[in-house]
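The values are calculated or read from the model by the stated rules, or taken from the named source; none is laboratory data. Please read all numbers here as calculations on a predicted model, not as lab measurements. Cβ sites come from the backbone with ideal geometry, for glycine too, and all protein chains shown count toward neighbours. Surface areas here come from the heavy atoms of the whole protein model, side chains and all, with no ligands, DNA or RNA. Shrake-Rupley method; radii C 1.70, N 1.55, O 1.52, S 1.80 Å.
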Amino acid sequence: MSVRVLVADDQERVRRGLARLVDAQPDMAVVGEAADGARAVSLARSLRPDVALVDIRMPRLDGLDVTRLLAAPDADPQVRVVIVTTFDDDEYVHAALRAGACGFVLKRSGPALLAEAVRAAVAGESLISPAITVKLLRRLAPVAHRPPPNPLTPRETELARLVARGLSNADIAAELFISVGTVKTHLASIQAKLNAANRVGIAAWCWRTGRADPVA
């Protein structure tokens, strides 16, 4: 059964482009498009999509207001919201996540990451564009004392460092000359060993323990 997706963006060219990217996925289908926030909320309540891709800056209601209305615990229906925007301002990221967004993806991230963000939302996980993850996590100072023991294998540590640099699964696969499937297998093992919910948790572990690439 296809994931039902609502696309909300006030720029028609961008909105149609996002819709085409979603419809190109074998497990997703666009059920509605909205050019403003109020229309997005109205369509979400009538169409009851699984995921809404929402821009930050829209007329009538902005993306943050839409997120608060659709992702609230008592919302009916409760829709998983992924913010898709050109803005990577820290305040937007934190405000969106506080409002209940399941993801924050930059429009320039490409179709693979967009699809990954939708699938993560459906799975109850969160995905933030790698570039934003790196920007936020660079603020984490390494621990002053000796880092805790590393539970990862050397290969897993190498892969985790690439996650902390902001590389996507495809980028990591190309960097290490392995398949994307192998990358996903390593990531699952790393998440289990670190008790990390997602790649953001992996990157945070690298930065917090001083194992992130200092030039990233």
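Of note:
- Solvent accessible area, Å² - residue 184, 1.4 Å probe, full protein context: 120
- For a label point 7 Å along the Cα-to-beta-carbon line of residue 45, residues of segment 80-117 with backbone N under 19 Å: 80-81
- Förster radius 30 Å - calculated FRET efficiency between residue 131 and residue 38, Cβ distance, rounded to 0.05: 0.50
- The residues neighbouring residue 177, those whose beta-carbon lies less than 15 Å from its own, together hold a net charge of -2 under the Lys/Arg +1, Asp/Glu -1 convention.
- For residue 188, neighbours were defined as the other residues whose beta-carbon sits under 15 Å from its Cβ, and their charges (Lys and Arg +1, Asp and Glu -1) total +2.
- Residue-averaged 222 nm ellipticity for the chain, from DSSP H runs of 4+ at -39500 (n - 2.57), nearest 500: -14500 deg cm²/dmol
- Of the solvent-accessible surface of the chain, computed with a 1.4 Å probe and all protein chains present, 52% belongs to carbon and sulfur.
- Take every Cα pair under 8 Å whose residues are at least 6 apart in sequence, average their separation, divide by the length of the chain, and the relative contact order is 14 percent.
- With Cα atoms, 0 to 90° folded angle of helix 90-99 axis to the chain main axis: 70
- Other-chain or far-sequence residues with amide H under 5 Å of residue 79's (modelled H): 71
- For segment 16-133, the alpha carbon convex hull comes to 91 Å³ per residue, rounded to a whole number.
- Packing, taken as the mean count of other beta carbons within 10 Å per residue, orders the peptides 16-28, 44-56 from highest to lowest as 44-56, 16-28.
- On Cα atoms only, tilt of 154-164 relative to the major axis of the chain in degrees: 40
- Seen from residue 50, the other residues with C-beta closer than 9 Å to its C-beta sum to a net charge of +3, counting Lys and Arg as +1 and Asp and Glu as -1.
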